[in-house]
Amino acid sequence: VAKWFLDLYKQYKIRTYKTGYDNRFAKTWISAMDGYGLETERVDQNRFTLSNPMKLLEADLKSKLVNYNNNPVDRWCLGNTAIKIDNLGLVMPVKVHDLRNRRIDGAVTMIILYAMWQRYRTDFLEMLR
């Protein structure tokens, strides 16, 4: 995956501004990204960090503001994702019926993207001026 980011830059001159990641199993990826000079930032996988971005993503999906090109893998991941709500109204993504063979990685990736957007929206928009 890290090489894909590098190839994206080499081929199209597209460089990510900030790249968020889930810390689980990320040690090798972080090292590769650092080696390529690409900046990364951990996004904690807890209800305090993911709740607001998940709610925003849900609203944007319902409003058809997110275009994932009806990608079958993304559609499958989104279909496998349920919402766990705590007593404070904070939400977390979980697998539907806690089925181990279901993957939600694509949905969690979108939530991480929204978390990064929330963190750096002002900085990013300033760069566009």
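The values are calculated or read from the model by the stated rules, or taken from the named source; none is laboratory data. As the structure is a computational prediction, the values presented were derived from the model and not from experiment. The accessibility values were calculated without ligands, DNA or RNA, using every heavy atom of the protein model including side chains. Shrake-Rupley method; radii C 1.70, N 1.55, O 1.52, S 1.80 Å.
Worth pointing out:
- Computed with a 1.4 Å probe over protein heavy atoms only, the accessible surface of segment 59-129 comes to 74 Å² per residue.
- For the residues Leu57, Leu90, Leu99, a GNM of the chain with alpha-carbon springs under 10 Å puts the largest fluctuation on Leu99.
- With every protein chain in place, the chain: carbon and sulfur % of accessible area (1.4 Å): 53 percent
- Residue by residue, segment 109-121 carries 3J(HN,Hα) couplings of 4, 5, 5, 4, 4, 5, 4, 5, 4, 4, 5, 10, 3 Hz when phi is fed to the Karplus relation 6.51 cos²θ - 1.76 cosθ + 1.60 (θ = phi - 60°); x denotes Gly or Pro.
- Spatially, segment 1-39 and segment 72-96 are offset by 26 Å when compared through their Cα centroids.
- In this structure, the residue pairs whose Cα-Cα separation is over 23 Å, taken from Lys3/Lys95; Lys27/Lys62; Lys13/Lys64; Lys3/Lys27, are Lys3/Lys95; Lys27/Lys62; Lys13/Lys64.
- Whole-Hz couplings from phi, Karplus 6.51/-1.76/1.60, listed for segment 50-62; x for Gly and Pro: 8, 4, 5, x, 5, 5, 5, 4, 4, 4, 5, 5, 5
- Global form of segment 19-109, assessed from the alpha-carbon gyration tensor, a/c cut-off 1.5: prolate
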